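Notes follow once the structure below has been shown.
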Amino acid sequence: MKFFIDTANLEQIKEAQELGVLDGVTTNPSLMAKEGIVGQENILQHYRDICNLVDDKVSAEVIATDFEGMVKEGEILAALDDKIVVKIPMIRDGIKALKYFSDKGIRTNCTLIFSSGQALIAAKAGATYVSPFIGRLDDISTDGLRLIEEIRLIYDNYGYETEILAASVRHPMHIINCAQIGSDVMTGPLSAILALINHPLTTNGLATFLADHAKSQEVTA
Ligand code: E4P
């Protein structure tokens, strides 16, 4: 399973990249706003800066909600760097935009997916990725992981090449469960990725190994 980091924070992206397990980055307008990036030129420069930090895919979201606007913005974003994936919302004009970009060979990420029907029509339109928001479904007492299972079944039934990008991942169990189900990608915060590393038995075991080694060195010294 590919690991994307879900942030526009350059420090966190750098930290994940240095760990050596990062396959990409997802951003959205809220994450960009959180970093205080204001104005079109600064936003475009921030995407360039992110692309310079990572080896692979960077999702950049359009703000327009009409077909012509999405095409115009998406083309500007795609021209920034080969790593850019144009993020398109799951709305009627978004489907048309997915088809347009797919026909032009420009990668897309269809965002704000909350049902398997939405994932099906996005795949039909040629989306490179679909982003089901599992955490936000969990927030309203609906099983987010169940949605990943449903989409996996539909895509496998018909051999759709659209990749399932589990989004709105909140904690390490989401990551583990997505991997068990067969999500192609997950995007989550750095904290959830780093939490995969920790186990108290590892911490204690290592402390014991190092203490025993130190003691044995004292005896033979
Ligand atoms: C996905 O691309 C979104 O940026 C993101 O995962 C949303 O997560 P949230 O529900 O934690 O805001």
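All of (1) touching a residue at least 12 places away in the same chain (Cβ under 8 Å); (2) within 15 Å of the ligand (Cβ to nearest atom); (3) more than 30 Å from residue 120 (Cα to Cα) hold for residue 14 with one exception: (2).
Can you name every residue in region 27-82 that is among the hydroxyl-bearing types (Ser, Thr, Tyr) and in contact (Cβ under 8 Å) with a residue 24 or more places away in the chain? Before the answer, list the steps.
Just the residues of region 27-82 that are among the hydroxyl-bearing types (Ser, Thr, Tyr), to begin with: 27, 30, 47, 59, 65.
Across region 27-82, the qualifying residues are 27, 47, 59, 65.
Looking only at residues in region 148-181 that are within 23 Å of residue 105 (Cα to Cα) and part of a helix (DSSP H, G or I), the one that is farthest from the chain's Cα centre (by Cα) is 158. Only residues that are out of contact with any strand residue (DSSP E or B) (no Cβ under 7 Å at 6 or more places or on another chain) and part of a strand (DSSP E or B) were counted in region 130-142, giving 0.
This table checks each residue for (1) part of a helix (DSSP H, G or I); (2) more than 25 Å from residue 89 (Cα to Cα); (3) not hydrophobic (A, V, I, L, M, F, W, C).
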position	(1), (2), (3)
183	no, no, yes
186	no, no, no
206	yes, yes, no
217	yes, yes, yes
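The requirement of being touching a Leu at 6+ places or on another chain (Cβ under 9 Å) and either aliphatic (A, V, I, L, M) or under 20 Å from residue 100 (Cβ atoms) (or both) is satisfied by residue 50. Could we say that residue 160 is buried (at least 19 other Cβ atoms within 10 Å of the Cβ), away from the ligand (no atom under 16 Å from the Cβ) and more than 21 Å from residue 60 (Cβ to Cβ) here? Here the answer is yes, as residue 160 does meet what is asked. Comparison of 120, 145 shows that the only residue that is in contact with a His (Cβ under 9 Å, 6 or more places away or on another chain), of a type outside the set (D, E, K, R) and either over 16 Å from residue 184 (Cβ atoms) or part of a helix (DSSP H, G or I) (or both) is 145.
For region 94-124, the set of residues classified as touching a Leu at 6+ places or on another chain (Cβ under 7 Å), closer than 19 Å to residue 65 by Cα and surrounded by fewer than 23 Cβ atoms within 10 Å (Cβ to Cβ) consists of 114 only.
Take residue 2 and tell me if it is surrounded by fewer than 14 Cβ atoms within 10 Å (Cβ to Cβ) and within 16 Å of the ligand (Cβ to nearest atom). Before the answer, list the steps.
On the way: surrounded by fewer than 14 Cβ atoms within 10 Å (Cβ to Cβ): no; within 16 Å of the ligand (Cβ to nearest atom): yes.
No: the conditions fail for residue 2.
Taken over region 11-59, residues that are touching a strand residue (DSSP E or B) at 6+ places or on another chain (Cβ under 9 Å), at pLDDT 95 or above, in a loop (DSSP other than H, G, I, E, B) and not β-branched (Val, Ile, Thr) amount to 4. Residue pairs whose Cβ atoms lie under 6 Å apart, separated by 6 or more positions or on different chains, with the first residue in region 127-143 and modelled with pLDDT of 95 or more and the second part of a loop (DSSP other than H, G, I, E, B) and near the ligand (Cβ under 9 Å from one of its atoms), are 133/168; 134/168; 135/168; 135/170; 136/168.
Out of the residues in region 17-31 meeting the condition of being surrounded by fewer than 19 Cβ atoms within 10 Å (Cβ to Cβ) and within 16 Å of the ligand (Cβ to nearest atom), tell me which one is nearest to the chain's Cα centre (by Cα). Reasoning before the result, please.
Quick first cut of region 17-31, residues surrounded by fewer than 19 Cβ atoms within 10 Å (Cβ to Cβ) only: 17-21, 23, 29-31.
Filter again for within 16 Å of the ligand (Cβ to nearest atom), leaving 23, 29-31.
Values: 23: 9, 29: 14, 30: 15, 31: 13 Å.
Once the filter is applied, the top-ranked residue is 23.
Residues are listed down the side, and each one gets a yes or a no for (1) among the basic types (Lys, Arg); (2) within 16 Å of the ligand (Cβ to nearest atom); (3) under 18 Å from the mean Cα position of the chain (by Cα):
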| site | (1), (2), (3) |
| --- | --- |
| 36 | no, no, no |
| 40 | no, no, no |
| 44 | no, no, no |
| 49 | no, no, yes |
| 52 | no, no, yes |
| 59 | no, yes, yes |
| 68 | no, no, no |
| 76 | no, no, no |
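The values are calculated or read from the model by the stated rules, or taken from the named source; none is laboratory data. All values derive from a computational prediction rather than experimental measurement. Counting neighbours? That spans all protein chains shown, and the Cβs are built from the backbone with ideal geometry, glycine included.
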